[in-house]
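As structure tokens, the structure follows; a few thoughts come after it.
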Amino acid sequence: GGLRRASLEVAALGRKLAGDLGGTLEAVILGEKISEEVTSLLGQYGAQQVHALEHPLLARYTARAYAMALSPLVKEVDPEIFLLAGTTLGRDLAPRVATSLGTGLAADCVHAALGEDGILVLKRPVFAGKAYAEVAIPKARPQMATIRPNVMPAGNPSPDSKPQVHRVSCALDETRVRTRVKEVVKASSGLVELSEAKIIVSGGRGMKGPENFSLLEDLAKPLGAAVGASRAAVDAGWREHKWQVGQTGKTVSPDLYVACGISGAIQHLAGMSSSKCIVAINKDPEAPILKVADYGIVGDLFAVVPLLTEEFRKLLSSS
Ligand code: FAD
């Protein structure tokens with residue numbers, strides 16, 4: 001019923017690129033009944049036109065139904081550039097749409113700007129974040145990309161911008177939609193999701209056991225942070241996989257990432273090295289995580305984390 005921050009970031013980027021190209025920004029949103037609140041928010045973040053695609057089978061995301069609804073619209077509008085948020089959903093959907101349109105797609109981009117020839121140049125991490133590749137889609141259209149969340153600013157909304165809204169009831173061939181979502185069961189409540197978190201506190205093998213993660217939860221609470229984990233902690237069964245950060249877990253780019261008892265293996269760095277500020281707490285001064293950290297605390301996390309929690313509590317209660 002709402003918009004993710006990642007969508008607003010993509011809207012702001014789209015508006016900038018549309019301006020550079022001398023074009024307009026059109027947004028598309030899929031659902032069963034799309035509220036005016038959502039369409040007007042897209043307008044405030046830069047969309048001049050909003051296509052609201054509605055159908056009962058779009059109430060919950062399934063890759064096939066969404067791709068079947070989206071591809072014909074994109075074909076009809078025929079944009080130069082088509083961007084999606086690089087969320088789990090966006091990265092599932094984008095390749096299906098790109099394939100059906102016969103165009104190219106750059107996934108998980110961290111930068112996008114027009115080159116001198118007016119063609120979009122997209123930058124994306126490769127080799128688990130060791131290097132960046134610049135990708136362009138010179139001939140096929142639209143030029144498609146998914147944009148990594150939390151690396152580009154969403155900017156400020158302009159409350160007076162009113163988009164033109166086109167409501168379209170989709171003619172989906174229901175027999176071709178083979179997946180039906182019957183129910184969505186929320187696994188946890190009250191916890192901040194990794195992909196939405198501005199602050200993440202993560203623990204690794206150095207936490208020594210699942211019970212000690214309560215230390216990180218205590219630190220996370222006053223900060224409104226999510227609690228992540230390394231693969232070592234997940235493989236040991238201390239945390240669920242959905243909290244894993246890294247190459248085979250989630251890619252995150254929060255404003256602040258606090259790594260506790262995590263060595264900083266390349267596969268872990270692949271998931272968090274684009275965080276804006278990295279704090280590492282590790283008792284080994286040679287741990288690789290300290291090389292990427294903006295602030296490194298060499299010490300025993302069992303002594304340091306409670307002290308930090310205490311200080312944050314004091315600071316935040318007095319502000
Ligand atoms: P360790 O490397 O064992 O590090 C523990 C750290 O804790 C050490 O640096 C130690 O000095 C410190 N420490 C111990 N006690 C304390 C204390 N009391 N106070 C302070 N510090 C302390 N890993 C991921 O995280 N995410 C992934 O998505 C991922 N995907 C992978 C995919 C593949 C194909 C492969 C091969 C590996 C992948 N890995 C991934 C695993 C990765 O290579 C590392 O094994 C893993 O990240 C190590 O986790 P860790 O840092 O928690 O543990």
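The numbers here are math on the coordinates, done by the rules we state, and not lab data. All figures in this text were calculated on a predicted structure; none of them were measured in a lab. Note that each Cβ is placed from the backbone with ideal geometry, even for glycine, and that neighbours are counted across all protein chains shown.
Extending 7 Å from Cα along the Cβ direction at R4 and again at S100 yields two label points whose distance is 2.0 nm.
Taking every alpha-carbon pair within region 124-208, the share separated by more than 21 Å comes to 73 percent. The Cα atoms of region 173-319 define a convex hull whose projected area, averaged across directions, is 11.1 nm². Taking the Cα atoms of region 238-319, the ratio Rg/Rh between the radius of gyration and the Kirkwood radius comes to 0.99. When V77, V227 are sorted by how many other C-beta atoms sit within 10 angstrom of their C-beta, beginning with the fewest, the order is V77, V227. Under the criterion of Cα pairs below 8 Å and six or more residues apart, the relative contact order for region 75-128 equals 25 percent. Dividing the helix sum by the residues of the chain, where each DSSP H run of 4 or more adds -39500 (n - 2.57), gives a mean residue ellipticity at 222 nm of -9500 deg cm²/dmol. Relative contact order for region 80-206: 25 percent, from Cα pairs under 8 Å spaced at least 6 residues apart, divided by residue count. A Förster distance of 45 Å, applied to the separation of the beta-carbon atoms of D117 and R60, puts the FRET efficiency at 0.60.
Rounded to the nearest 0.05, what FRET efficiency is calculated for E310 and Q267 with R0 set to 30 Å and r the Cβ-Cβ distance?
0.35
Taking amide H atoms as placed 1.01 Å from N in the peptide plane, the amide H of H111 lies under 5 Å from those of K123, each 5 or more residues away in sequence or on another chain.
Between K291 and E211, the distance separating the two model label sites (each 7 Å from Cα on the Cα→Cβ line) works out to 3.7 nm.
Please order L194, L13 by the number of other Cβ within 10 Å, starting at the fewest.
Ranked by crowding around the Cβ, least crowded first: L194, L13.
Bridge orientation summary for region 92-223: considering DSSP beta bridges with both residues in this region, about 75 percent are antiparallel. Computed over region 1-101, the convex hull of the alpha-carbon atoms projects to a mean area of 5.8 nm². Restricting attention to the chain, close to 20% of DSSP beta bridges with both partner residues there are antiparallel. For the chain, count the residues as N, evaluate 2.2 N^0.38 Å, and divide the Cα radius of gyration by that value, please. That ratio works out to 1.08. Among the DSSP beta bridges whose two residues both lie in region 1-128, what percent are antiparallel, rounded to the nearest 5? Roughly 40 percent of the DSSP beta bridges within region 1-128 come out antiparallel. For region 53-131, place one equal point scatterer on every Cα, skip the solvent, and apply the Debye formula. What is log10 of I(q)/I(0) at q = 0.14, 0.16, 0.19, 0.20 Å⁻¹? Each listed q corresponds, in turn, to -0.55, -0.69, -0.92, -0.99.
Within region 185-226, the GluC sites (Glu not before Pro) that combine a DSSP coil assignment with at most 13 other C-beta atoms in a 10 angstrom radius are E193.
Spin-label model, F127/V77: points 7 Å from Cα along the beta carbon direction are separated by 3.7 nm.
3J(HN,Hα) couplings calculated from phi for region 202-213 with the Karplus curve 6.51 cos²θ - 1.76 cosθ + 1.60 (θ = phi - 60°) are, in sequence order, 10, x, x, 4, x, 6, 6, x, x, 5, 6, 5 Hz; Gly and Pro show x.
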